[in-house]
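Here's the structure, in structure tokens; my notes come after.
The values are calculated or read from the model by the stated rules, or taken from the named source; none is laboratory data. In this text the structure is predicted, and so the values were computed from the model without any measurement. Heads up, the Cβs are rebuilt from the backbone with ideal geometry, glycines too, and the neighbour counts pull from every protein chain shown. What goes into the accessible areas is simple: the full protein's heavy atoms, side chains included, and nothing from ligands, DNA or RNA. Shrake-Rupley method; radii C 1.70, N 1.55, O 1.52, S 1.80 Å.
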Amino acid sequence: MSCKKGDMYTWKGKGSSSISSDVSSSTDHTPTKAQKNAATSEDSDLSMRTLSTPSPALIFPPTSPGFQNGRGSSTSSSSVTGETVAMVHSPPPTRLTHPLIRLAAKQQKEQSHIDRLPDQSMIHIFSFLPTNQLCRCARVCRRWYNLAWDPRLWRTIRLTGETINVDRALKVLTRRLCQDTPNVCLMLETVIVSGCRRLTDRGLYTIAQCCPELRRLEVSGCYNISNEAVFDVVSLCPNLEHLDVSGCSKVTCISLTREASIKLSPLHGKQISIRYLDMTDCFVLEDEGLHTIAAHCTQLTHLYLRRCVRITDEGLRYLMIYCTSIKELSVSDCRFVSDFGMREIAKLESRLRYLSIAHCGRITDVGIRYIAKYCSKLRYLNARGCEGITDHGVEYLAKNCTKLKSLDIGKCPLVSDTGLEFLALNCFNLKRLSLKSCESITGQGLQIVAANCFDLQMLNVQDCDVSVDALRFVKRHCKRCIIEHTNPAFF
């Protein structure tokens, strides 16, 4: 038996003549009534197709090999000036063929091992696939179509790539996910489109309108979105808890839209439930914008303001007035933050567990003393590049923050073996220590640390004047420790 579209369907059985029919064109035989009915049914089937299944062209440009070759490329994607265009399709139609051909196809299908898996197992396998691969699986057969669009698989949409037409992709996907609940996609909770530079306000508006149950949104590196689009998402998605707009240089504030503010009470700021906010590399964020963010996002527990170079101590003062539950805070590379800002941050007291003040050149031992005195449960401190920190600051820190697990004081030239001794005698739980480019550190200080901090797992002594014997001593006492060094004699 052989079966090929556009050729002869042939079957030879014992004691019977060959049966053939030309599907594409028949010049020698008159079509039978059954063939006419089959053709009519197929034409009707084609005419009734509806927009339902997103094509993989949502994710890949039409120049991809998978869409240039094969039967699916002519019906699933199109090219307009090299732009990725999203198309949608119905589930694979049921083809009417000769009974013996259907029987052979059925036997071939029964031989497929994956088709023997129950639906729950298939859904579990599909749950590990990214969005584009899940769309491809929906085009394999009718069973896979139904399984691929199981609501449990669509709690997350993840799209990546600089060439993707993300606005169109989000529109098509949300339209399909809204079939059972018109205009509302209740199952979608996470949207990750990081690095998709073609994302615009239009795409975010689609999410805001269709996904009221959204809890997590990551649009890092999408520099075309503006404040208005973020306001729409925050206002229309009241359950949003995780927001990452790092690298979105046009975003200067997080707030409700004017319409939402009018509808809510004067305490509407508490209606924004964002707990995690990453505004790294939002260069135009200023103190006034941070004030607005703090007033509206009072439930913040994780805030990252890395390289927000316009933030000053005044902005941190506003932050501490409204956001008293912050556990993790990063103001690294905010060069205007000084010891006064550290005094404000210290008001978080024992709630603060993570603090990054790397390359804040105005911070000295005074600021470190504020943190050490009031934030006794601090677990992580990154003070790399704070050249005003000395052994006295390290002493305050070691004696008060005894549960410290990770410390980075690299490029602090005033820290010496004396400071390391205070660390070794007080912070026994220390697991990560970075001393990169600390010119005053010697092998003696490292040996004291290794002899007391047995759980040390990472030690960075690059560009430090440390002997091979000292490194071997560390390795002997801290067997799980990974040492980053620049000494070619140690291996």
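What to note about this one:
- Test: residue in segment 131-149 that is open to solvent by 50 Å² or more (accessible area, probe 1.4 Å) and closer than 28 Å to Val230 by Cβ: no
- Residue within segment 216-232 that is closer than 20 Å to Ser127 by Cβ and modelled with pLDDT of 90 or more present: yes
- Yes/no for Leu173 being at pLDDT below 90, more than 16 Å from the chain's Cα centre (by Cα), aliphatic (A, V, I, L, M) and surrounded by 19 or more Cβ atoms within 10 Å (Cβ to Cβ): yes
- Residue satisfying condition, being open to solvent by 20 Å² or more (accessible area, probe 1.4 Å) and over 28 Å from the mean Cα position of the chain (by Cα), within set Glu314, Glu328: Glu314
- Criterion: among the hydrophobic types (A, V, I, L, M, F, W, C) and either without any contact (Cβ under 8 Å) to a residue 12 or more places away in the chain or open to solvent by 20 Å² or more (accessible area, probe 1.4 Å) (or both) - qualifying residue of Ile409, Ile441, Ile483: Ile483
- Segment 357-371, subset of a type in the set (Gly, Ala, Ser) and open to solvent by less than 50 Å² (accessible area, probe 1.4 Å), residue nearest to Val394 (Cα to Cα): Gly367
- Candidates Leu100, Leu159, Leu96: the one that is surrounded by 13 or more Cβ atoms within 10 Å (Cβ to Cβ) and modelled with pLDDT of 80 or more is Leu159.
- Members of segment 293-332 found to be small (Gly, Ala, Ser) and touching a helix residue (DSSP H, G or I) at 6+ places or on another chain (Cβ under 6 Å), listed by number: Ala294, Ala295, Gly315
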